[in-house]
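The structure under discussion appears below in the form of structure tokens.
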Amino acid sequence: MEKWFNVGKIVNTQGIKGEVRVISTTDFPNERYKKGNVLFLFLPKNETPIQVTIKSHRKHKNFDLLLFEGYENINDAEKFRDGILKVPESQLGKLEEGEFYFHEILGCLVFTKDGEEVGKITEILTPGANDVWVVKGQDGQEILIPYIDDVVKKVDSKEKIILIDPLEGLLP
């Protein structure tokens, strides 16, 4: 069974030439949306994905604008609205040491270096200089953990365990 990973959601069309507006969820938009790259489009009411090939990519405000080969007018692109663009696991590239895909981090249990359980990572925010991991504590409270070397000491994505050395005031 093939495992799929989201790279973006088509939220609308752009102009009349078939471009679609995508809210990107990939860390590698320049790689994923490179001309000639193949993505798979999952539409809400279809079981089978549509294979699409990138013809062009550009940025506009907070959107990635994509044009697919063979779908080059608004009538072709209109039906793609609310579709999710995905790649199969086989298209995931190798990462450098200390880099992780979001799916490897989500669901990890977070512990302090003293062995105290903090909670489970439920979301990853990417506001700017560094990622922020949202951890749901045992009491249901959300704790924001910055992904910086001073705080995150060890990530074991295989065992789904992360050790942190929290800065003063980070934990409730």
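A short reminder: the numbers here are calculations on the coordinates, not readings from a lab. Because the structure is predicted, anything quoted here is derived from the model rather than measured. In this analysis, Cβ positions are derived from the backbone assuming ideal geometry, glycine residues included, and neighbour counts consider all displayed protein chains.
Here are some notes:
- Within the stretch 5-31: backbone nitrogen closer than 15 Å to the Glu89 label point (7 Å, Cα to C-beta): 5-6
- Dividing the convex hull volume of the alpha-carbon atoms in the stretch 102-164 by its residue count gives 75 Å³ per residue.
- The chain - Kirkwood radius from inverse mean 1/r over Cα pairs (Å): 17.9
- Per-pair calculated FRET efficiency, R0 = 30 Å: Ile124 and Leu171 via Cβ, rounded to 0.05: 0.95
- Within the stretch 68-122, trypsin sites (Lys or Arg not before Pro) in DSSP loop having at most 10 other beta-carbon neighbours inside 10 Å: Lys94
- Which listed pairs, of Lys79/Lys158; Lys35/Lys153; Lys61/Lys120; Lys35/Lys61, have C-alpha distances above 29 Å, in listed order: Lys79/Lys158; Lys35/Lys153; Lys61/Lys120
- The per residue volume of the convex hull around the alpha-carbon atoms of the stretch 38-89 is 98 Å³.
- Cα-centre dipole for the stretch 119-172 with unit charges at Cβ (Lys and Arg positive, Asp and Glu negative), debye to 20: 240
- Potential extension, Thr48-Val11 segment - 0.36 nm per residue separation minus Cα distance: 11.3 nm
- A dipole drawn for the chain from +1 and -1 charges on Cβ atoms has a positive end, and of Val7, Phe102, Thr112 the residue lying farthest that way is Val7.
- Residues Ser90, Ser157 in ascending order of nearby Cβ atoms (within 10 Å, fewest first): Ser90, Ser157.
- The stretch 6-49: trypsin sites (Lys or Arg not before Pro) in DSSP loop, at most 11 other beta carbons within 10 Å: Lys34, Lys35, Lys45
- Unit charges at the beta carbon, dipole of the chain: most positive-side option, Asn73, Tyr33, Leu167: Asn73
- Note: relative contact order over the chain, using C-alpha pairs below 8 Å and six or more positions apart, is 18 percent.
- Model label points for Phe111 and Ser56, set 7 angstrom from Cα along the Cα-to-Cβ axis, are 5.4 nm apart.
- 3J(HN,Hα) along the stretch 78-84: 4, 6, 8, 4, 6, x, 10 Hz, from the Karplus curve 6.51 cos²θ - 1.76 cosθ + 1.60 with θ = phi - 60°, whole Hz, x for Gly and Pro.
- Per residue, the average separation of C-alpha pairs within less than 8 Å and at least 6 apart gives the stretch 4-89 a relative contact order of 43 percent.
- For the stretch 1-70, dividing the convex hull volume of the Cα atoms by the residue count gives 102 Å³ per residue.
- Here the extension length gained between Phe100 and Leu144 equals 14.0 nm, from 0.36 nm per residue of separation less the Cα-Cα distance.
- Förster radius 45 Å - calculated FRET efficiency between Ile74 and Ser157 (Cβ-Cβ, nearest 0.05): 0.60
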